[in-house]
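The values are calculated or read from the model by the stated rules, or taken from the named source; none is laboratory data. Only a predicted model underlies this, so the values are computations on that prediction, with no experimental measurement involved. Here the Cβ is made from the backbone with ideal geometry for all residues, glycine too, and neighbour counts use every protein chain on show.
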Amino acid sequence: MELSPAQRALLDRFQRDFPTSATPYADVARTLALRESDVVDALQALVDAGIVARVGPIFRAGSVGASTLAAMAVPLPLLADVARTVGAHGGVNHNYAREHRFNLWFVAHARDDAALAALLGEIETQTRLPAISLPLVREYHIDLGFPLDGARAKPRTPIVATDKRVEAGEPWQVACALELGLPLVPRPYVEIARRAGLKGADGEARVCRHLRGWRDEGLVKRIGVVVRHRPLGFAANLMAVWEVPERDVDRAGERLATEPAVTLCYRRAPDPPRWRYNLFCMVHGKHRPHVNAKVDALVMRHALGGYPHARLWSITAYKQTGARHDGMAAYG
């Protein structure tokens with residue numbers, strides 16, 4: 001899809017810092033010297049083309065419910081069918097094939113740890129395959145914002161040291177109502193309030209207050225246009241992993257997180273002996289040799305060559321949606 005000037009401006013400017021006013025699309029239009037209808041139409045075309053997943057908040061990992069990164073070693077003839085079974089679960093939002101013995105990777109979300117364990121157990125029962133579960137231990141940098149020219153240094157979202165989580169009751173209802181993103185209507189927060197079941201004329205204002213509060217507290221990392229990177233040409237995507245001793249892993253992760261090439265960097269609990277790697281780093285690019293060279297440079301620059309290491313190329317994206325924590329896949 002050839003992007004229009006309005007679409008390019010939206011993707012360049014509003015992958016973060018999206019307004020939390022009552023009329024956000026009108027505010028975006030004023031910033032870009034467009035009409036509100038131009039903004040809505042441009043976003044709708046990007047959604048229809050599969051380039052934009054949604055408009056809305058990206059929550060800090062662990063701030064809403066429970067989640068984990070899981071993987072399976074699937075016989076190749078069964079891979080597509082197993083991926084379809086896994087992806088059919090509303091609690092699975094990312095589902096990828098990677099080049100490795102563990103070749104099917106997915107992110108699972110649920111209301112709490114017990115519900116997450118039940119979800120993983122159901123997937124294992126359905127597929128008759130064991131899954132490794134690699135819960136997040138520490139986030140160093142997670143930001144899937146993609147400048148279109150691939151050259152501009154993207155802002156690094158500060159890591160806010162907080163154990164806060166979205167509270168039960170109204171905050172949880174609002175967070176779940178936001179999972180599908182903001183509707184492309186002039187007053188989207190009115191519809192979010194309706195989805196969340198908020199009563200009273202001030203529902204719209206309460207939704208906006210929650211969003212601003214979560215952003216200020218670090219529970220929301222950014223609010224904006226959430227893109228799917230593959231349709232934008234970022235198809236050479238590599239997950240690099242290392243087995244780093246406990247005493248060194250945080251220092252290594254913090255250093256990797258400063259690198260402009262790194263889009264994700266975090267520490268996860270290993271699952272020995274099946275999976276011993278604890279430091280994860282994602283590099284997205286348009287060509288494999290270029291991405292490989294970037295990772296080679298990271299290894300040299302940060303003295304990672306002495307640690308056991310693997311590179312897992314993403315080869316198929318079976319599912320990529322926002323997280324679902326409470327069965328909020330559809331609304332009345």
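Numbers at a glance
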read-out	value
Helices (runs of 4 or more DSSP H) completely within the range 184-303 that count 3 or more residues being more than 26 Å from Y96 (Cβ to Cβ)	188-195, 203-217, 246-256
Filter pass, V82 being buried (at least 18 other Cβ atoms within 10 Å of the Cβ) and in contact with a Pro (Cβ under 9 Å, 6 or more places away or on another chain)	yes
Options S63, S67, S37; residue that is among the hydroxyl-bearing types (S, T, Y) and surrounded by fewer than 18 Cβ atoms within 10 Å (Cβ to Cβ)	S37
Count - residues of the range 191-214 that are in contact with a strand residue (DSSP E or B) (Cβ under 8 Å, 6 or more places away or on another chain) and surrounded by fewer than 17 Cβ atoms within 10 Å (Cβ to Cβ)	0
Pairs, first within 17 Å of D216 (Cα to Cα) in the range 166-181, second of a type in the set (F, W, Y) and surrounded by fewer than 19 Cβ atoms within 10 Å (Cβ to Cβ), C-beta under 7 Å, six or more apart	V166/W172
Any hit, the range 215-236, residues being touching a Ser or Thr at 6+ places or on another chain (Cβ under 9 Å) and at pLDDT 95 or above	no
Candidates A297, A303, A293 - the one that is surrounded by fewer than 15 Cβ atoms within 10 Å (Cβ to Cβ), out of contact with any Gly (no Cβ under 7 Å at 6 or more places or on another chain), modelled with pLDDT of 95 or more and on the phi > 0 side of the Ramachandran plot	A303
Condition check for H89: within 15 Å of the chain's Cα centre (by Cα), in contact (Cβ under 8 Å) with a residue 24 or more places away in the chain and buried (at least 16 other Cβ atoms within 10 Å of the Cβ)	no
Answer from A42, A97 - the residue that is farther than 18 Å from V227 by Cβ and either at pLDDT 95 or above or among the aliphatic types (A, V, I, L, M) (or both)	A97
Residue list for the range 23-79, restricted to those being without any contact (Cβ under 8 Å) to a residue 24 or more places away in the chain, more than 21 Å from R222 (Cα to Cα) and either touching a helix residue (DSSP H, G or I) at 6+ places or on another chain (Cβ under 7 Å) or aliphatic (A, V, I, L, M) (or both)	A33, R35, L78
Any chance A22 is small (G, A, S), outside any helix (DSSP H, G or I), under 24 Å from L211 (Cα atoms) and over 22 Å from the mean Cα position of the chain (by Cα)	yes
Selection within the range 102-129 - more than 23 Å from P77 (Cβ to Cβ) and in contact (Cβ under 8 Å) with a residue 40 or more places away in the chain	V107, A108, H109, A110, R111, D112, D113, A115, L116, L120
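Conditions (1) at pLDDT below 95; (2) among the hydroxyl-bearing types (S, T, Y), marked per residue:
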{"site": "V74", "(1), (2)": "no, no"}
{"site": "V82", "(1), (2)": "no, no"}
{"site": "T85", "(1), (2)": "no, yes"}
{"site": "G91", "(1), (2)": "yes, no"}
{"site": "L104", "(1), (2)": "no, no"}
